[in-house]
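Written out below as structure tokens is the structure these notes cover.
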Amino acid sequence: MLKNYRAQNIKEYEMLPNPYWKRINEEILFPEKVLDYNKDIIAEKNFDNVMDVDEELCFKYIKYLELDRNYGLGEKFLRFSEGLSNTGLFIDIEAGDKGNRARIDLNIDSENPILVDHNLIICRENSELDIFINYEDDKKTNGFHNGFTKIYVEKGAKLNLYKIQNYSQEIQHFDSSVIFVDEDAEVNIIDVQLGSKLKGVNYDVGLKGDRSFCDIKNVYLGTDKDKMDFNYDINFLGRNSKGYVESVGALTDKAWKVFRSTENFIKGCKKSEGSAKEYVILLNKDVKSHAIPALFCTEDDVIGDHAASAGQLDGNKMFYLMNRGLDKEAAKILVVESSFVPILEGLPEENMKKTIINLVKDRLGGD
Amino acid sequence: MKSRKKTYVEDIDRTIYDISNKERHRFATIKGLNESIIKEISKEKDEPKWMLDLRLNSLEIYNSKPVPTWGPNLSELDLDNIVHYIRPDTDMSHSWEEVPEDIKDTFERLGIPQAERESLAGVGAQYDSEVVYHNTKEELTRQGVVYLDMETAVKEYEDIVKKYFMTLIPPSYHKYAALHGAVWSGGSFVYVPKGVKVDIPIQSYFRLNAKGAGQFEHTLIIVDECAELHFIEGCSAPVYNVQNVHAGAVELFIKKGAKLRYSTIENWSKNMYNLNTKRALVEEEGTIEWVSGSFGSRISMLYPMSILKGRRAKSEFTGVTFAGEGQILDTGAKVLLAAPETSCIINSKSISKSGGVAMYRGLLQATKEASGAKAAVNCESLMLDNDSKSDTLPIMEFKNDNIDIGHEAKIGRIPDESIFYLMSRGMSEEEAKAMIVRGFVEPITKELPLEYAVELNNLIDIELEGTID
């Protein structure tokens, strides 16, 4: 069954043309051959039900693997992961099982330059799971990552997902996640995107159940000639569901960013609330920034809003800091850092926040 | 126990718009579109050759472009069944007395002669494909203001028209701009000389009476340096059970330090495909103000665009869209910030009810040259029932770091708390809801001339059947 599943996806993948992303003027080229990935991606876990994908499991989980439509970055990316993945995980947390925690390293090096992961995460009723995913590389390999993760958060369950992508400029990074949230279930995501010369990140959330909840927070940095396309879709189906997206970023050099969000209130999702906010700090005259925050609504009994803003560093803040003895560059870094902090405060470990702030400083050329 | 009925907000009362006259025309092309029809229209108008060439080139472009698929579904629009040119059975006159009775009555019902007497400096009235009445107050003529129907302008001011005509909206802009270029007829030409400030508005009204016809008027306005003008455009048609199409074009040139307010109340019938194109080019320290009310049509695709080309040029867009049963009103605004310190404000309100679809679609672009540009965009949507649809899709593209740009959008229905508050102050539920809806569109009504503000409030006629248990 697994063989057939993969074969079908490979066939579809091969028939699809390479996507052309016109907003950032980039044709996405996929690796000609996917080599084996020989690294263990589980760095830490305190539970047992993490499995490598095999024939038997595929049969058991097929209903979770086959989706009703195409989500994520696009068909080519999805079929690539479903057909040609060289690593991946099935995580199935039992009902009522709490305190689960895992750290996953999706790292790239010269011996493993191509990373294609296909993952399935199921949090059964009233379970809880925290997952930390790190994306690092050896800073010298021209690499490629494409990931596709299907997530099911069942009734009353809670998932906290933290992603910190710190690839070097040599890596192309594409990541699609589709998340289904049932009644009274909750998903919190903090997605930190610092590196990679070309990246596409896509979250597609279905708030299926009544009182389902999703909060996505994103921090990003664009330097050099980075190109990036972020897409956050929340579909409100259940009554009293709540969905929030907040994105804060900074662009410098010749970085080019596209931010999209869609709040889709579907008839029947009464009393639901949604909000999407994006703020980008523009640090160089050569940056390019696109924002497309969409609101679609076929249910009147909802509250939805979005806000997007773009601008330079706050002149008053800069003046104050420079008055206190900081030079312009240091003041700039401090202002960017301070705009990221409210989101980074949501990380469960203080050292994660410090690490990210140091990485931001490094990338912006600070001490 | 009394049953509690759902609050019902009436559709716009269209009685005065829906009265049609018996069709009497002097000339009409056959249905459809081809080269010989274009030549016939041009010959009928006794046009210069460059205009015929422009028409034929536009037809070629029109035929080469596919029907756009990114917006409302236009696949049912059958232009082979549309009569593209109908000359009414009258000449253009400068006195209402000379206008045939039935046509005059139509405009009387719409309040145009009365508005002219009371508050307008000039009026143009188009009936089907041609302008049937055009008049300018002497004072305006003395100031050197030129206000003519487009056909006369092509002949009397050929050099100016040739210099500007379809340069801002070239036929290549999109399929329906090309259609317009091929079959345009009627419309207004306005030139306001340097430094002249026209205190009283002028108005052109476009009435499409013929069944299964198209209206393709062209409006060309040039407001010269430091001059000012308020131009009002109104449009309506009676309802038919066949398709009608409107693909007008509005080209506005606002020179250095000049200011133009362009107000539109569009109330086409619900069989109309309204595929209008409007663009303004604003030079240094010039200002364009759009005030736009979209109420009619089956499908509207209307996104007035401001191209802010000169330093400190400004644009302000204030729009309201009311989509009722069977309507898909896809409206919005586009702004190109293309010079230093340019700025724009966009305020858009939409209301949808009884299955109507209201869509805000916007584009805001800042070029590399737009250093110091500022923009504020605000969109609010109100859904009056659960059968309707309301969407917001703004696109923002910036190629400059020295900008300050913000966009906000909200969607929802009338909050229960607001109704409760007003009811606690002694209002009935009906009054409370009516007040909230009127308050919602108030930013638009206050921008309109008084008689249009009254008309707008009449259009949004609130009727409640509900009782509170």
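Straight-line cross-link partners of B:Lys49 among the aspartates and glutamates, defined as a Cα under 18 Å from its Cα and at least 8 positions apart when in the same chain: B:Glu35, B:Glu40, B:Glu60, B:Glu151, B:Glu156, B:Glu158, B:Asp159.
Comparing A:Ile91, A:Asn235, A:Phe59 along the charge dipole axis of segment A:2-312, the residue lying farthest to the positive side is A:Asn235, per the Cβ-charge model.
Hey, what number do you get for chain A at 222 nm if only DSSP H runs of n ≥ 4 count, each worth -39500 (n - 2.57), divided across all residues, to the nearest 500? Please report the intermediate quantities before stating the final value.
On the way: 6 runs with 75 residues, N = 367.
Value at 222 nm, helices only: -6500 deg cm²/dmol.
Counting Cα-Cα pairs of segment A:315-367 in 10 Å increments starting at 0 gives whole-percent bin shares of 26, 46, 25, 2. The aspartates and glutamates within cross-link reach of A:Lys3, meaning a Cα-to-Cα straight distance under 18 Å and a gap of 8 or more places when in the same chain, are A:Glu12, A:Glu14, A:Asp36, A:Asp52, A:Asp54, A:Glu55, A:Glu56, A:Glu66, A:Glu82, A:Asp117.
What net charge is computed for the residues neighbouring B:Lys175, neighbours being all others with C-beta under 14 Å from the C-beta of B:Lys175, Lys and Arg scored +1, Asp and Glu -1? Within the 14 Å Cβ shell, the charges total 0. A Cβ-based charge dipole, computed about the Cα centre of segment A:2-312 with Lys and Arg at +1 and Asp and Glu at -1, lands at about 860 debye.
Take the Cβ-Cβ distance between A:Asp138 and A:Asp253 as r, set R0 to 30 Å, and report the resulting FRET efficiency rounded to the nearest 0.05. Numbers along the way, then the final one.
Values: r = 23 Å, r/R0 = 0.77.
After rounding to 0.05, the efficiency reads 0.85.
The Kirkwood radius of the protein assembly as shown, taken over pairs of alpha-carbon atoms, gives through the Stokes-Einstein law at 25 °C and 0.890 mPa s a diffusion coefficient of 84 µm² s⁻¹.
Hey, fewest Cβ within 10 Å first, where do B:Ile103, B:Ile222 land in order? List each step's numbers first, then the result.
Numbers: B:Ile103 22, B:Ile222 25.
Final ranking by Cβ density, sparse to dense: B:Ile103, B:Ile222.
Sorted ascending by nearby beta carbons within 10 Å, beginning with the fewest, B:Trp290, B:Trp268 become B:Trp290, B:Trp268. Between B:Met92, B:Ala247, A:Asn107, the Cα set farthest toward the positive side of the dipole of the protein assembly as shown (charges on each charged residue's Cβ, about the Cα centre) is that of B:Met92. Using the Kyte-Doolittle scale, which helices in chain A average at least 0.5 and also have C-alpha atoms spread 30 Å or more along the helix axis, with helices defined as whole DSSP H runs? None clear 30 Å together with a mean of 0.5.
Across segment B:111-122, rounded Karplus estimates of 3J(HN,Hα) from the backbone phi angles (6.51 cos²θ - 1.76 cosθ + 1.60, θ = phi - 60°) give x, 6, x, 5, 4, 4, 4, 8, 8, 10, 8, x Hz, Gly and Pro being marked x. In a simple Cβ point-charge model (Lys, Arg +1; Asp, Glu -1; nothing else charged), segment B:268-343 has a dipole of about 200 debye relative to its Cα centre. Each residue of segment B:307-323 was assigned a 3J(HN,Hα) from its phi angle through the Karplus curve 6.51 cos²θ - 1.76 cosθ + 1.60 (θ = phi - 60°); the sequence is 9, 8, 8, x, 3, 6, 5, 10, 9, 9, 10, 10, x, 10, 10, 10, 9 Hz, with glycine and proline shown as x.
Backbone amide hydrogens, once placed in the peptide plane, bring B:Ile82 within less than 5 Å of B:Gly32, excluding anything fewer than 5 places away on its chain. Positive-end ranking of B:Tyr176, B:Val291, B:Ser36 along the dipole of chain B, with charges on Cβ about the Cα centre, is headed by B:Tyr176.
Computing FRET efficiency as 1/(1 + (r/R0)^6) for B:Met423 and B:Asn241, where r is the C-beta to C-beta distance and R0 is 25 Å, gives about 0.05.
By the Cα gyration tensor, segment A:2-71 has an equivalent ellipsoid whose semi-axes, rounded to whole angstrom, run 28, 19, 14 from largest to smallest.
Residue-normalised convex hull volume from the C-alpha trace of segment B:117-208: 117 Å³ per residue. Proximity of backbone amide H atoms, modeled 1.01 Å from N, is registered between A:Val205 and A:Ile179, A:Asp233, A:Ile234, A:Asn235 at under 5 Å, excluding neighbours fewer than 5 places apart on the same chain.
Label zone (B:Lys163, point 7 Å along Cα-to-C-beta; backbone nitrogen cut-off 13 Å) within segment B:217-234: B:222-225.
Each stretch of four or more DSSP H residues adds -39500 (n - 2.57); spread over every residue of chain B, this sum gives -7000 deg cm²/dmol at 222 nm. Here's the picture: a label point sits 7 Å out from the Cα of A:Lys63 along the beta-carbon direction, and within segment A:105-129 the residues with their amide nitrogen under 18 Å of it are A:120-126. Near B:Glu283, once Lys and Arg are set to +1 and Asp and Glu to -1 for all other residues with Cβ below 12 Å from its Cβ, the sum equals +3. Distances between placed amide hydrogens fall under 5 Å for A:Ala294 paired with A:Ser261, A:Thr262, A:Glu263, all partners being 5 or more residues away or on another chain. Evaluate the relative contact order of chain B (contact order divided by residue number), counting alpha-carbon pairs under 8 angstrom at least 6 apart; express in whole percent. Once normalised by length, the contact order is 12 percent.
Taking the Cβ of each residue in B:Val183, B:Val282 as the centre, tally the other Cβ atoms inside 10 Å and list the residues starting with the fewest. If you can, show how the numbers build up before the last one.
Working: B:Val183 26, B:Val282 32.
Result, fewest neighbours first: B:Val183, B:Val282.
Here the protein assembly as shown is assigned +1 on the Cβ of each Lys and Arg and -1 on the Cβ of each Asp and Glu. Its dipole about the Cα centre then comes out at about 1140 debye. Taking the Cα centroid of segment A:249-320 and of segment B:270-296, what is the distance between the two, rounded to the nearest whole Å? Between the Cα centre of segment A:249-320 and that of segment B:270-296, the gap is 27 Å.
Residues in segment A:163-168 carry Karplus couplings, in order, of 10, 10, 9, 10, 5, 7 Hz; the curve used is 6.51 cos²θ - 1.76 cosθ + 1.60 with θ = phi - 60°, and Gly or Pro positions show x.
No lab work stands behind these numbers, since they all come straight from the coordinates. For clarity, every value in this text was computed on a predicted model and none was experimentally measured. Backbone-built Cβ (ideal geometry, glycine too); neighbour counts: all protein chains shown.
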